[in-house]
1. Among F97, H136, G157, whose Cα lies farthest out toward the positive end of the dipole of the chain, if unit charges sit on the beta carbon of Lys, Arg (+1) and Asp, Glu (-1)?
2. Taking the Cα centre as origin and putting +1 on Lys and Arg beta-carbons and -1 on Asp and Glu beta-carbons, what dipole magnitude results for the chain, to the nearest 20 debye?
3. Quick one: which residues, 5 or more positions from M229 or on another chain, have an amide H under 5 Å from its amide H? H modelled 1.01 Å from N in the peptide plane, none for Pro or chain starts.
4. Amide H to amide H, which residues 5 or more places from V82 or on other chains are under 5 Å from it, using H placed in the peptide plane?
5. On average, how much area does the Cα convex hull of the chain cover when viewed from any direction, in nm²?
6. Residue by residue, what Karplus-based ³J(HN,Hα) values in Hz, rounded to whole numbers, does the range 71-84 have, using 6.51, -1.76 and 1.60 with θ = phi - 60° and x for Gly and Pro?
7. Counting other C-beta atoms within 10 Å, which of T54, T168, T48 has the fewest, and how do the rest follow?
8. Quick one: work out the % antiparallel among DSSP beta bridges in the chain, nearest 5.
Amino acid sequence: MREREYEVMASVEDRHFWFVQTRAIIRDAMVAAGLGPDSRVMDLGCGTGGTMRTLKDLVDWTGVDVNPFAARLAQERSGAPVVVAEAARLPFDDQAFDGVTALDVLEHIQDDAAALREIRRVLRPGGALIATVPCHPILFSSHDRALQHVRRYTRTGFLERLRDADFTVQRATWVNSLLFPLAAATRLADRLRPDRKATSDAALGLGPLNDVFLRVFGWERRLLRHVDMPIGLTLMVVAR
């Protein structure tokens, strides 16, 4: 990603509804997967370090990002060690981690299959991968271009990628579901304007709508503690 996108993310992530509630959902998923203070967890593609900072007391974090600017920002903001490295060439021993988070990162990587094999290598037997990816290729828009996404996945395609890397999927659920109709309509409308400047959602000022969306996403978080959602903008997977 461009440095400007990291700066925008860092400036809004503490209050933007998507970052706040997504990290709360990830917390629930990590706890359900048995990860805790004694667990060593790698945040692959840690970006600004917001996840590690928000969940700093949950596990023992190590961040990884390919962008030196992001890695420096993440280490300063989270206090966790951060390594500059490519996902397909991780500088860690085999079975070094109890868990790995890959949160909206695999869609940035050309050879995502190689990245998943590396994640498999550095996870201990029984260790948990918690991954989120944007889905529905038809919704590829200026938001994806701004964030330099290579792809949006299909559910079937991503689950096949995981199985090919020798993962067993324990849970696969849609996320960002209650707001999906609005988000999908916005993405489709964006595709009708091919000359539109590439701008990520984080750069959009939501004003009072942010509190509304924060509450709606909070309802979804409570639902996800009990059920898998039938459709959504993002796929969240827990695999071992």
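Read-outs throughout are calculated quantities, based only on the coordinates presented, and are distinct from any laboratory measurement. Note that this is a predicted model, so its numbers are computed, not measured. Neighbour counts are summed over all protein chains in view; Cβ atoms, including those assigned to glycine, are modelled from backbone coordinates with ideal geometry.
1. Going by the charge dipole, the pick is H136.
2. Working: 32 positive and 31 negative charges, 110 e Å.
Result for the chain is approximately 540 debye, rounded to the nearest 20.
3. Answer set, sorted by chain and number: W174.
4. Counting only residues 5 or more places away or on other chains, the set is G63.
5. Working: hull surface 47.0 nm².
Averaging across all directions leaves 11.8 nm² for the Cα convex hull.
6. In residue order, the calculated couplings are 4, 5, 4, 5, 5, 5, 7, 9, x, 8, x, 10, 10, 8 Hz.
7. Working: T54 19, T168 8, T48 24.
Ascending number of Cβ neighbours within 10 Å: T168, T54, T48.
8. Working: 14 of 33 bridges.
Roughly 40 percent of the beta bridges in the chain run antiparallel, per DSSP.
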